[in-house]
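Novice: The following block contains the structure, expressed as structure tokens.
Laboratory data are not the source of any read-out in this text; all were calculated from the coordinates shown. Just so it is clear, the structure is predicted and the values come from calculations on it, not from any experiment. Cβ placement follows ideal geometry from the backbone for every residue including glycine, while neighbour counts extend to all protein chains displayed.
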Amino acid sequence: MHEETGRCASLYRMTEERFEELYASYANDVLRMSYFYLGDRQKAEDVTQDVFLKLYTGNPDLVEGKEKAWLLKVALNKCRDVWRAAWVKRVVLGSPAMELTPAPGSMDDRLEKQELMAAVQKLPTDFKDVVLLHYYQGMGIAEIAKMLGVPEGTISSRLSRARKKLEVILKEMDVR
């Protein structure tokens, strides 16, 4: 029985066919968010591989319809682990891996996106997580709150404070 709704959640075990479906559906989302979080394509690919390896070998109890949330949560945790590692303390700017973001209309657009990525990288982890999930993955406040296990008000507050911090960072970078 699902505690929050009083209904039985539809749990299932991983099959090879289901794994392939989930990989085809969500691998790009995991890769894009990991890249945006880490700023390094190779590290993002490693995280993506680790996430799907955990999915395949860990045999988690997944709730039908919540697979993407599970994958992104695992990816965030793995990205934090990589970020905390002593040898990954700096963000690589000017990386040619910008193909993971939507195609820019001009060089100015590309530079602006690059600067925005750098600004997001400077946010504290809690703020960076909600910004990536909300703006980059299109998740709602309630969905993020449930995924991270924190109250919706906390997520709203983090988004608001993150926007204010981003504004300051971007002004310091002389973007706006």
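Novice: Once the Cβ-Cβ distance between T125 and T57 is put in as r, and R0 is 22 Å, what FRET efficiency do you end up with, to the nearest 0.05?
Specialist: 0.25
Novice: Sort the following peptides by mean Cβ neighbour count (other Cβ atoms within 10 Å, averaged over residues), highest first: 31-39, 132-140.
Specialist: 31-39, 132-140
Novice: A further question on this structure: What distance in nm separates the simple spin-label points at S25 and D46, each placed 7 Å from Cα in the Cβ direction?
Specialist: If labels sit at S25 and D46, their model points lie 2.9 nm apart.
Novice: Another question, then. Can you list residues from other chains, or at least 5 along the same chain, whose modelled amide H is less than 5 Å from the amide H of L62?
Specialist: Distant-sequence amide H within range of L62: Y12.
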